[in-house]
Amino acid sequence: MPEEKLPDTKALKQHLIDPEICIRCHTCEMTCPIEAITHNEDNVVVDADKCNFCMACIPVCPTGSIDEWRVVEKPYSLDEQYAWTELPEQQEIGATNGDEIEALDEAMAALLADAHKGAGGKSKAPASAAKPSVNLYNLAKPATAKVQGSYKLTADGSGADVRHIILDFGGQPFPALEGQSIGILPPGTDKDGKPHLPRLYSVSSPRDGERPNYNNVSLTVKREEHGVCSNYVCDLERGDEVRVTGPFGSTFLMPDDASAKLLMICTGTGSAPFRAFTMRRQRVAAGMSGDMVLFFGARTPDSLPYFGPLSKIPEHLLRKHLVFSRIPGTEKEYVQDRMMREQEAIAEMIIDPNVHIYICGLRGMEEGVEQAFSSIAESAGQSWSSMRDAMRDEGRYHVETY
Ligand code: A2P
């Protein structure tokens, strides 16, 4: 039994699941050989009385939310875990001494290292964004991906149905970079009896996978009324097979230079590439990467995709301006309005040759954002159109609107 490999201490390293990252695909629950994992309508949880640290659930999780541990003397109960909207911090441990905890940590590290050996490992992330792979799979020869899970990111009653969908490419190489898109081929035919054409979706995971070193990709998709493909994608269930083309796009990519500063402006699902950019920097360059600033517009906090995890990213990594247009009793605010309020900081950024600007989301936003840049540049005595054209020539100005 794996638990015999653990030292006999008062404290326990309790296995927990991060409710903010978990997509409730229940793969862990189905894999657990001793039924230690259960769920209710809110969360998937681990029963500390049953878990024997066999680690069978660790490699199968598509997100990595399964890999959470807290040293505790009194384990968190199932009811406590069901009530969480976020994981608690590690608490101070009273009675157990430091040596015992160290021994426990070491033993657990060995078990986890073993568990991770069987994890993913198929993806080979491109080292650089300088040479993106494009069109590896096309209409005649699409890739087949399997849905690992689909999770609704927006609250019921928020008026928006935005989903986080994870696709696994198994043994097929699918080297997608942050900022690239993939095509999804909905089944069936259009009104003229012709097969549907693929619809493009921006990848919201970093190049080494939704979970590091897994050959999987995530998408952020909003259900559109009468949308053929968005409804198809939003209705996909775990285990379904999807035909995929791509990857596509060779311009809306991250600078290779980790010290480059990123100014990112988005609305709604336009946040997908910026989630990927941010995760990439968190994984490889945390602490040494250049500034990232995000202006993100949504109707309300509960319709803003990834609100919880986003709010947790420290301000020194990502300066966040979350802007809401439909909070009752509050004046409507768009990203361009907030940019005007932050005009001094933006004026400083746009003259910096190390800044890259990315705009992604509703086409209507583009005009307002351009006007904001124009007026900010003008008040600094600059011409926005010449600044922007120069930035574009240097590959530092990127727009993707729809
Ligand atoms: P609103 O719809 O309240 O006017 P969506 O939820 O449709 O994906 O939109 C995301 C956010 O973008 C919403 O807050 C929406 O506001 C906002 N938005 C709509 N039009 C514009 C625009 N022209 N410029 C900036 N933001 C916009």
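Some observations on this one:
- The stretch 213-238 - residue that is of a type in the set (K, R) and within 15 Å of the ligand (Cβ to nearest atom) and, of those, farthest from P59 (Cα to Cα): R223
- Top-ranked residue of the stretch 63-80 - restricted to ones that are of a type outside the set (S, T, Y) and in a loop (DSSP other than H, G, I, E, B), ranked as nearest to A95 (Cα to Cα): E73
- Any pair with Cβ under 8 angstrom, 6 or more apart, that starts in the stretch 390-402 at a residue that is more than 14 Å from G249 (Cα to Cα) and touching a residue at least 12 places away in the same chain (Cβ under 8 Å) and ends at one that is part of a strand (DSSP E or B) and of a type in the set (G, A, S): Y402/G361
- Qualifying positions in the stretch 305-329 - within 12 Å of the ligand (Cβ to nearest atom), without any contact (Cβ under 8 Å) to a residue 40 or more places away in the chain, assigned to a loop (DSSP other than H, G, I, E, B) and in contact with a strand residue (DSSP E or B) (Cβ under 7 Å, 6 or more places away or on another chain): S325
- Residue match in the stretch 364-374 (condition: outside any helix (DSSP H, G or I) and within 16 Å of the ligand (Cβ to nearest atom)): no
- Per-region count, the stretch 189-225, residues aliphatic (A, V, I, L, M) and crowded, with 22+ Cβ neighbours inside 10 Å: 4
- Among the candidates R388, R392, residue that is in a helix (DSSP H, G or I), surrounded by fewer than 17 Cβ atoms within 10 Å (Cβ to Cβ), basic (K, R) and more than 13 Å from the ligand (Cβ to nearest atom): R392
- The set of residues from the stretch 269-312 being among the β-branched types (V, I, T), closer than 22 Å to A155 by Cα and crowded, with 19+ Cβ neighbours inside 10 Å comprises just one member, T269.
- Scanning the stretch 293-306 for residues that are of a type in the set (A, V, I, L, M, F, W, C) and either modelled with pLDDT under 90 or in contact with a Cys (Cβ under 9 Å, 6 or more places away or on another chain) (or both) returns L294, F295, F296.
- Count of the stretch 334-363 residues, restricted to those that are within 16 Å of the ligand (Cβ to nearest atom), over 20 Å from F277 (Cα atoms) and aliphatic (A, V, I, L, M), is 2.
- A search for C-beta distances below 6 Å between a residue of the stretch 147-161 that is on the phi < 0 side of the Ramachandran plot and any residue that is part of a strand (DSSP E or B) and within 16 Å of the ligand (Cβ to nearest atom), counting only pairs 6+ apart in sequence or on different chains, returns S150/R163; Y151/H164; K152/R163; L153/V162; L153/H164; T154/V162.
The values are calculated or read from the model by the stated rules, or taken from the named source; none is laboratory data. Because the structure is a prediction, the values reported are computed rather than measured. All Cβ positions, even for glycine, are placed from backbone atoms using ideal geometry, and neighbour counts span all protein chains on display.
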